[in-house]
There are 2 protein chains.
Amino acid sequence: MFLKLFYKALHKIPFKEIKGGINSVPGFISAGINSGLRKVKPDLGLIISDTKCVGAAVFTKNIVKAAPVIYSMKYINKPISAVIINSANANACTGEKGLEDTYTVASYVAQKLNLKTSNVLVFSTGVIGEYLPVKKIVSGIDKLTDIIKDGGNNNITKAILTTDKVEKEVSIEFKLKGKKIRIAGIAKGSGMIAPNMATMLAFIVSNIVIEKSLLKKLFKTAVENSFNLITVDGDMSTNDSVLFLTNSKAENNPIKESDKLEKEIFYNMLLYVMKKLARMIVEDGEGATKLIKIKVENASDKKSARKIAFKIANSSLVKTAVYGSDANWGRILAAAGSAGVKFNPDKVIIKFGNHILYNGEPVKFSEKKLKQYLDKKEINITVDLKKGKYSAEVLTSDLTEEYIKINSKYRT
Amino acid sequence: MFLKLFYKALHKIPFKEIKGGINSVPGFISAGINSGLRKVKPDLGLIISDTKCVGAAVFTKNIVKAAPVIYSMKYINKPISAVIINSANANACTGEKGLEDTYTVASYVAQKLNLKTSNVLVFSTGVIGEYLPVKKIVSGIDKLTDIIKDGGNNNITKAILTTDKVEKEVSIEFKLKGKKIRIAGIAKGSGMIAPNMATMLAFIVSNIVIEKSLLKKLFKTAVENSFNLITVDGDMSTNDSVLFLTNSKAENNPIKESDKLEKEIFYNMLLYVMKKLARMIVEDGEGATKLIKIKVENASDKKSARKIAFKIANSSLVKTAVYGSDANWGRILAAAGSAGVKFNPDKVIIKFGNHILYNGEPVKFSEKKLKQYLDKKEINITVDLKKGKYSAEVLTSDLTEEYIKINSKYRT
């Protein structure tokens, strides 16, 4: 179990959060600008590394993949030096032309920075089904490369946002045998958030030295245990991607499969960054007023635990009840029962925070106390199946009128 | 194919819609009253038949089954004479006591009507997790049996409603070799509507004579092709049930497996009643302002077609876009792509009504015309996968602020 060792490791190896985001990692510079895709807000970002990076990524499992996803999936295993990201347009469902546009953007970045096109990754997010305004982006790249020559700016966290209200950035520093390691990540949400990625982009960079195959394995597991345990509306997007790049500049001994401690430290540091970003995404979910943590305990296997947790987390009825501070625990049991997993309802325990509301049968509770609890910003719901020993924890947000408002007029 | 023969049969065998609901079928009397479970509205209904009925039913597939569902599943194959239904309380998640309460209600009806308990079915709908107010129901049964002795009343359609705004009733009459057959159905929605039943109750009665095993088979298929093709919010309830009873009074020759024409006529008449009730449920979905018909065409198999159609129909992003009259077809393709079914997005055609919006790539369209189309009360969305020859059609409603309002304060 990683998590127990995580805390053990954290006692031994202190880490701290630092400021500066992407730019805090030696060798990386980033910048964000407005290129005219949106009226005023930044809409185009560039990350560059002064040396070639090793990459790992997880992409949307949606059959319908946006052009930049198809493109970046192709080049993820090449040495990477630059990442260009635009918001306001997903370049999805745009056929052949969409893919050509992505290549045009990538090769223009490559040309400006003296790279091969394959050294450049491309990501887009925003409205689906409209062609990319390539001209605007190309002029934007001119501006961005100039800014980067001057040391970059702090606007990339803004440039990647769509309906998000809040910038999402986490940077940490820790040491491995005296070598200073940094990991910095940025992300965007905030609707179309569901497991197997969402309309979600996250970019995480580091200077750690680690074997490529091990990196890929640990990265995938960390995504599984962070970004893939959140949901806002159960919709999976065409553009979701989590990217990790390291320029290997930290000069630590390359971490190998056999380096048990170092491996665990890195995994848990990475997980820390990812979980924090994932949580920020849910907190900033479209229209969200509350964070809801759904914990399913004592299931007969991990898959069942996750299935039930997600069924509850995606239930519009559960989410609206929490929004209204209504302790309608029956909807939780009903949602759990519809997950297609067998369990005995007469053994189940349901808790809101520490308040037991159901214990094989309804438990009398104080509506006033529950209302007080449900008026909080963070709600913990526990469903104990009393069956096996596996558990799962999924983060979601409440469902509000604001979500409807945002999404009923998204394109206009 | 039933449906083609259906229309053929309908030309040969005319049918008509009639008034009177349950009470229009010879031998059945129903009544509804307020028993104090709700403030003013009717909340308790009773259907009785003067002779024993043959029954068929489909119950929720939710692991968490309400007490009356557990009870009625046990007795559905017995000869049935009475059905008692309450709203305002689902008697779900109420453990042993819930089941005892159901037996108390059933046996009180039986005692009043001189029946065995097993001749009485019980259904409940409403809030989950509260004990049934048995005393009120028992006094209500006294009132109901008195009213039924006097010929019943027309209030059962009201008594079974929860958040529904509209009563749902369909009655038809047709002839089989000179014998007059009637089928009458009532139903309630209106949230927690998803395939495999929903918080949905439907009661259909008839006087047709038909072999029991054949009845069960045709009934199940008809449910599959009507009530199981609708969704409001993707939530499956603990109480969903569709019940069919016939008192076999029509004196037609008992329909057997080998009676091809009679079988088809009955199936299609039953399907007509069920589809009409199912459509009424969606139209009256919680907060719904529009009916959305999702048609997936040319899938490689029926299951895939249904899977994709339901994924689109349950997408909050699609439903809010239709609510806002926003022709955001990209969300439809994105939802389709996340159904876990393989297809080639470059071949897909997406239409809103007759307007093609995507044909392997975006098609230019008049926003004004699309807005006009989407302002209608009934929206047809077609996704042609160009892959095989199977199709599915699912009905759903839009997602509005009103849904949030209704469900955030349901218990209060």
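What follows draws every value from the coordinates through simple rules; no lab data is involved. This one's a predicted model, so the numbers in the text were calculated from it and none came from an experiment. Glycine gets a Cβ as well: all are built from the backbone with ideal geometry, and neighbour counts include every protein chain shown.
For helix B:302-313, report the angle its Cα long axis makes with the longest principal axis of the Cα atoms of chain B; keep it between 0 and 90° and round to the nearest 10°. Orientation of helix B:302-313: about 90 degrees from the principal axis. Loop-located GluC sites (Glu not before Pro) across region B:296-405 with a Cβ neighbour count of 16 or fewer within 10 Å are lacking, with loop assigned by DSSP.
Entry note, chain A: the mean residue ellipticity at 222 nm calculated from DSSP H runs of n ≥ 4, each adding -39500 (n - 2.57), is -10500 deg cm²/dmol after division by the residues and rounding to the nearest 500. Between B:K143 and A:K52, the modelled labels are 8.3 nm apart [label points 7 Å from Cα along Cα→Cβ]. Within the protein assembly as shown, the percentage of alpha carbon pairs spaced more than 34 angstrom apart rounds to 55%. Pairs of C-alpha atoms in region B:282-352 farther apart than 16 Å represent 46 percent of all such pairs. Computed on chain B, with alpha-carbon pairs under 8 angstrom and 6+ residues apart, the relative contact order is 17 percent.
Rounded to whole Å, the principal axis extents of the Cα atoms in region A:64-145 read 32, 28, 18, largest first. By the count of neighbouring beta-carbon atoms within 10 Å, fewest first, A:K16, A:K143 end up ordered A:K16, A:K143. Neighbours of B:N114 by Cβ distance under 14 Å: Lys/Arg scored +1, Asp/Glu scored -1, total +3. Rounded, prolate or oblate: which one fits region A:291-408, using the alpha carbon gyration tensor with axes a ≥ b ≥ c (rounded when a/c is under 1.5, else prolate when a/b beats b/c, else oblate)? Oblate is the answer for region A:291-408, as a/c is 1.5 or above yet b/c matches or exceeds a/b. For A:I18, inter-copy separations between label points set 7 Å beyond Cα along the Cβ vector come to 8.4 nm, shortest first. Here the simple spin-label model places points 7 Å from the Cα toward Cβ, and for A:K347 and A:E402 these points are separated by 4.1 nm. Secondary structure note: in chain A, about 70% of the DSSP beta bridges are antiparallel. The long axis of helix A:134-149 is offset from the longest Cα principal axis of chain A by roughly 80 degrees. Relative to the compact-globule estimate of 2.2 N^0.38 Å, the Cα radius of gyration of chain B comes out at 1.01. Give the calculated FRET efficiency between B:K41 and A:L113 to the nearest 0.05, with a Förster radius of 51 Å applied to their Cβ-Cβ distance. Once rounded, the FRET efficiency stands at 0.15. Inter-part distance, region B:31-73 to region A:315-362, computed on C-alpha centroids, equals 24 Å. Legend: mean number of C-beta atoms from other chains within 10 angstrom of residue C-beta atoms, peptide A:337-346, equals 5.
Between the beta carbons of A:D150 and A:I70, assuming R0 = 51 Å, the FRET efficiency works out to 0.95 to the nearest 0.05. If you take all other residues with their beta carbon under 12 Å from the beta carbon of B:I350, and give Lys and Arg +1 and Asp and Glu -1, the sum is +2.
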